[in-house]
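No value in this document is a laboratory result; all are computed from the given coordinates. Keep in mind that this is a model prediction, so the values were computed, not measured. FYI the Cβ positions are ideal-geometry reconstructions off the backbone, even for glycines, and counts take in every protein chain you see.
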Amino acid sequence: MKGIRPDVDFENETELIDDGILDSFDVVSIISEIDDAFGVQIRINELDPENFNSAEAIWSLIQKLK
Amino acid sequence: MAFFEFNHIKVAGVACAVPKNEVKTESYKPVFGDEEVDKFMAMTGVKASHRTLEHQTCSDLGYRAACELLAHKGIKPEEIGALLFSSHSPDYRRPSTAFVLQHRLGVPEEAVCYDISLGCSSLVVGMQTMASIMSTSDMKYGLLFVGDTAGKSVNPHDRSSAMLFGEAGAVMLLEKTQNEADQIKALVRSDGSGFKYMIIPGGGYRNLHASEEVVMCADGNERTLMNSFIQGTSVFTFTIFDVPRLIKDFWKQTATGPDDYDCFAFHQANLYILKQIAKKTKIPFERLPITLDRYGNTSGASAIVSLCDVYGAGNDNKTIKVMACGFGIGISLGATSFEINTDDILPIMEDDEIYTEGLITNPNQLYEKK
């Protein structure tokens with residue numbers, strides 16, 4: 001994720017979507033990278049902002065879909 | 001599975017036309033801000049696009065392309081057995097634009113003419129439909145029109161769409177031959193669960209007189225019900241997963257792979273999507289021509305625009321193997337393969353001609369004696 005948005009503090013931010021830190025382009029880039037890295041395809045019904053508000057939430061989603 | 005294989009049918013030529021008016025993406029900086037526009041250009045690759053005049057339509061552009069292509073091939077309109085207009089930008093709510101083009105070109109009454117209501121997948125599905133018609137009839141030539149003027153329905157303050165779309169009309173001539181090697185293959189899929197991802201909600205018969213009040217939408221863009229809506233993240237998600245799967249399935253069906261094609265004429269959705277598709281399918285990006293930078297996302301015409309851009313200027317009389325792929329509104333997606341001689345790929349034309357006979361601004365024009 002640092003490769004996509006090096007300016008974002010992914011370790012501490014918990015409102016990545018709600019505070020508008022990540023936009024839709026960033027989310028799509030992250031989804032694509034997750035597919036490449038983990039073979040996990042995040043589909044449209046998982047596009048809940050809550051799933052992308054923090055690195056921890058994204059990791060939980062990956063674990064759930066694995 | 002909707003996999004099609006047509007023998008003895010070839011792509012005899014392609015041509016396209018764009019409007020003369022070029023809009024630089026940078027010109028949107030006073031509206032959307034420098035940062036937003038710079039990020040948009042980096043992500044989508046769209047640095048300029050061409051836009052129609054108020055009453056200029058996709059069929060006007062296709063007409064010019066068809067005239068040039070038929071003249072190049074030495075084929076008379078009387079020889080056309082089928083005319084399909086595959087687009088979401090008809091001249092009228094009814095009748096089909098195919099009839100307007102038939103009349104304007106002088107295609108005979110014996111021809112079958114109708115519209116196919118599709119956007120970004122219109123080339124692949126249009127080819128599949130035209131080849132199906134030709135395979136089961138005695139006709140020799142079919143003329144397929146594709147393209148859109150999507151910019152006309154975009155709210156100018158919608159940052160997700162205002163800078164993305166270019167406008168173009170393209171035409172493909174299909175010919176029935178005696179040659180065994182002339183083949184067209186197509187794999188087509190549809191996913192209606194995504195019908196709201198790209199939509200103009202008003203103006204159809206569900207809500208014919210929809211409100212034209214401007215509403216600030218949840219994604220921060222202003223639109224009316226008569227404007228185009230794109231749910232970008234949903235569309236992205238569909239394209240980066242489902243399109244690579246379609247391409248790999250097409251290769252499996254045809255026992256081919258990325259090394260078997262000279263050119264990947266893919267729908268120019270946006271640069272990021274095309275890079276992702278190429279990465280996930282291992283398509284060499286140098287064989288996937290990009291025209292987004294100069295023409296934007298030209299919907300169903302974009303694959304032909306790219307072919308014309310790369311091969312239109314040359315005349316080296318070389319046969320190339322093309323894989324085309326279209327995907328988008330519907331959701332509709334498809335892949336096809338065909339061969340074409342590069343001499344039958346015309347250069348991109350610029351045209352602003354309007355079919356004045358078709359412009360009806362007063363009902364009583366319909367009652368005027370000829």
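Observations
- Of the GluC sites (Glu not before Pro) found in region B:155-191, those in coil by DSSP whose Cβ has at most 10 other Cβ atoms within 10 Å are B:Glu180.
- Candidates A:Ser32, A:Ser24, A:Ser54: whichever shows maximal mean-square fluctuation once chain A is modelled as a Gaussian network with Cα springs under 10 Å: A:Ser24
- Taking GluC sites (Glu not before Pro) across region B:302-370, the ones in a DSSP loop with at most 11 further Cβ atoms lying within 10 angstrom of their Cβ are B:Glu368.
- Ranked list, fewest to most other Cβ atoms within 10 Å of each Cβ, for A:Ile30, A:Ile21: A:Ile21, A:Ile30
- The calculated P(r) of chain A, using every Cα pair and 10 Å bins from 0, goes 22, 62, 17 in percent.
- Taking label points 7 Å from Cα along the Cα-to-Cβ direction, B:Met1 and B:Val214 give a separation of 5.0 nm.
- Longest to shortest principal axis, alpha-carbon extents of the protein assembly as shown, angstrom: 71, 56, 38
- Chain B, relative contact order in percent, only Cα pairs under 8 angstrom and at least six apart counted: 27
- Only helical runs count toward this figure. For chain A, summing -39,500 (n - 2.57) over DSSP H runs of n ≥ 4 and dividing by all residues gives -12500 deg cm²/dmol at 222 nm.
- Neighbour-count ranking [beta-carbon atoms within 10 angstrom, fewest first] of B:Tyr355, B:Tyr92: B:Tyr92, B:Tyr355
- Taking the DSSP bridge list for region B:3-351 and keeping only pairs wholly inside it, about 70 percent are antiparallel.
- Loop-located trypsin sites (Lys or Arg not before Pro) in region B:252-361 (DSSP state other than H, G, I, E, B) with a sparse environment of at most 16 neighbouring Cβ atoms within 10 Å: B:Lys282, B:Lys318.
- Centroid-to-centroid separation of region B:38-76 and region B:104-120 [C-alpha atoms, Å]: 18
- The convex hull drawn around the Cα atoms of chain B, when projected onto a plane and averaged over every direction, covers 18.7 nm².
- Highest-MSF residue in chain B out of B:Asp293, B:Asp249, B:Asp351 [GNM, Cα springs under 10 Å]: B:Asp249
- Sorting B:Asp182, A:Asp9 by the number of Cβ atoms found within 10 Å of their own Cβ, with the fewest placed first, yields A:Asp9, B:Asp182.
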